[in-house]
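Read the figures in this text as sums done on the coordinates, not as results from a lab. Quick caveat, the model's predicted, so the values are computed rather than measured. Cβ: placed from backbone, ideal geometry, glycine included. Neighbour counts: every protein chain shown.
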Amino acid sequence: MPAYHGRMIELPGELVLGTRNAGKLRELEPLLSPLGIRCRSLDGLAGAVEVEETGSTFAENAALKASQQAVAVSRHVLAEDSGLLVDALDGAPGVYSARYSGPGATDERNNDLLLERLAAIDPARGRGAAYECHMAVAAPDGEILVTASGRCRGVIATSRRGTGGFGYDPLFIVPEYHATFGELGPSVKAVISHRARALRRLVEILRGGRVR
């Protein structure tokens, strides 16, 4: 059992993923199964609450969601907060990625707004960007047990490419593959995505008892 801050942690047989996002569940589930950990989303789970993302960073929001949901459902919860940081927009949309286009935001509207704002930027500033993810696991009493993060660099396309994934995936080009996340299959994303990298780091910590 991994040790964290002097205490031993017994890995739970099931982790509740602190999300109702089906896309995130599809990405995270196969990455946790090698550890023998089942996972489920918040859908239909009694006691689940809506957590207000008041943090100024992805790390703060991930910890808020993990801790508050764990207490609410009395289970171990893995929560993550992630988003897109565009260099030419000084890191926007950042923590507002999911709600970039305002109340009632959708992936379509968010992508449209991103393209619109980049079109107004001096092309010399480039279209570099990064997807970033921070994860936190909380015990049923709300204590944060483990945190991890991951990042994937890319470039924002001038128009949507591909229909896979969710969020800004149709616009996020991974230069090494000359394709967007919307074009790449789930098997590739399971290796190179920001979320996959964060989860691999988290799994390493859980397996080896190493903490940062």
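Some observations on this one:
- Coil-residue trypsin sites (Lys or Arg not before Pro) of segment 96-203, DSSP, other Cβ within 10 Å capped at 10: none
- Rg(Cα) / (2.2 N^0.38 Å) computed for segment 92-203, rounded to two decimals: 1.16
- Sites residue 74 and residue 40 - FRET efficiency at Förster radius 22 Å, r taken between beta-carbons, to 0.05: 0.95
- Helix 22-32 axis, angle to the chain major axis (alpha carbon atoms, nearest 10°): 50 degrees
- 12 Å beta-carbon shell around residue 132, net charge (K/R +1, D/E -1): +2
- Taking the Cα centre of segment 113-201 as reference, the dipole from Cβ charges on Lys and Arg (+1) and Asp and Glu (-1) amounts to some 240 debye.
- Sequence-distant contacts, meaning Cα pairs under 8 Å at least 6 residues apart, place the relative contact order of the chain at 21 percent.
- Dipole orientation for the chain: of the candidates 190, 72, 91, 190 has the Cα lying most toward the positive pole (charges on Cβ; Lys, Arg +1; Asp, Glu -1).
- At R0 = 30 Å, FRET efficiency that the Cβ-Cβ distance of residue 204 and residue 113 yields, to 0.05: 0.25
- Length gained on full extension, residue 57 to residue 120, computed as 0.36 nm times the residue gap minus the Cα-Cα distance: 20.1 nm.
- In plain terms, the chain is cut at each of the GluC sites (Glu not before Pro) found in a DSSP loop with at most 14 other Cβ atoms within 10 Å, and the longest leftover piece is 53-175.
- Cβ charges +1 (Lys, Arg) and -1 (Asp, Glu), total dipole of the chain, debye: 560 debye
- Alpha-carbon Rg/Rh ratio, for the chain, with Rh computed the Kirkwood way: 0.98
- Net charge of neighbours whose Cβ lies under 15 Å from the Cβ of residue 29, counting Lys and Arg as +1 and Asp and Glu as -1: +4
- Cα→Cβ-extended label distance, 7 Å offset, between residue 26 and residue 49, nm: 3.1 nm
- Size descriptors for segment 137-183 (Cα atoms only): Rg and Dmax, in that order, 15.8, 46 Å.
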